[in-house]
Structure formats: C-alpha cells, structure tokens
Amino acid sequence: LNDMGVYGGPLTACFQPTLIKFNTIPASEMKLSNYPNPFNPSTTIYFEIAKPQNLPQIAIYNIKGQKVKTFSNHLIKQSANQQIIWNGTNNDNQPVSSGIYYAMVRVGDVCVAHKMLLLK
C-alpha cells in the first residue's frame, strides 16, 4: 500500500482484511470498474452488488487518501447493477487535477476500491 502514496485515512480500510459480520456482503460479491480509464473529462463508474442489503456509499478519493467527492443518496439505488457518472469535480463542483483517484463503494462493513486515472 505504501507504494501508492496512501497513508492512513478511510481509504486504507479497503486494502486491509475486513471481518465479515453476519448479514454483510462479502467483498467477493461486489464488483467495481469504470470506463473509460484513463478518462477526460468524465468516466462512468459501474458497480455490482450480488445481494444488496444496505444502501451503498460511493466516494472518490485522491492519491493521498483525501475524499474529494461523495455521491448523494438520490443517485444510488438499492439494486444489484448500477452506474454513476463522475465528471472530474470535487464536492464544491470544482475540477480536480490530473492524477490517480480511487472510487470506493462501501456497503456496511465491506468496501471495494478501484483505481482510475484522470488525464487532462
């Protein structure tokens, strides 16, 4: 993990073993990808949850592990296959710089992260 430049913060939990509690979704039953990758100016983030039980939380983190974008609950449904378009902006609707970003989907105690590259 250290070679990615992510030290501490909420993103590192996705790269550490997670204890699966009763009635949670195993990480193997969650899929996350984006297209295109690399992208400019926007990308579509696809995620699949085999057995949706809780509303997923979707966020974008920079290489430092800082949250730059949180997707609101009205964009997220409790269904197996979903997609969200990220237009390369932060929570203040300001464009972010070129670089590596991570999309993270969290459902309960389980999270999955996916690396994306924004080129300008």
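For Ile45, Ile85, give me the order by solvent-accessible area with a 1.4 Å probe, most accessible first, ignoring ligands, DNA and RNA. The partial results should precede the final answer.
Working: Ile45 0, Ile85 110 Å².
Order by accessible area, largest first: Ile85, Ile45.
Could you order Tyr101, Tyr35, Tyr46 by accessible surface area, starting with the largest, using a probe radius of 1.4 Å? It would help to have the intermediate numbers written out before the result.
Numbers: Tyr101 15, Tyr35 155, Tyr46 85 Å².
Order by accessible area, largest first: Tyr35, Tyr46, Tyr101.
Between Leu119 and Thr70, what FRET efficiency comes out of the Förster formula 1/(1 + (r/R0)^6) with R0 = 30 Å and r the beta carbon distance, rounded to 0.05?
On the way: r = 23 Å, r/R0 = 0.77.
Computed FRET efficiency for Thr70 and Leu119 comes out at 0.85.
At a probe radius of 1.4 Å, what is the per-residue accessible area of Lys67, in Å² to the nearest 10?
The accessible area of Lys67 comes to roughly 110 Å².
The values are calculated or read from the model by the stated rules, or taken from the named source; none is laboratory data. Worth saying up front: this structure is predicted, and the values here are computed from it rather than measured. Note that each Cβ is placed from the backbone with ideal geometry, even for glycine, and that neighbours are counted across all protein chains shown. Ligands, DNA and RNA are excluded from the accessible area calculation, which covers all protein heavy atoms including side chains. Shrake-Rupley method; radii C 1.70, N 1.55, O 1.52, S 1.80 Å.
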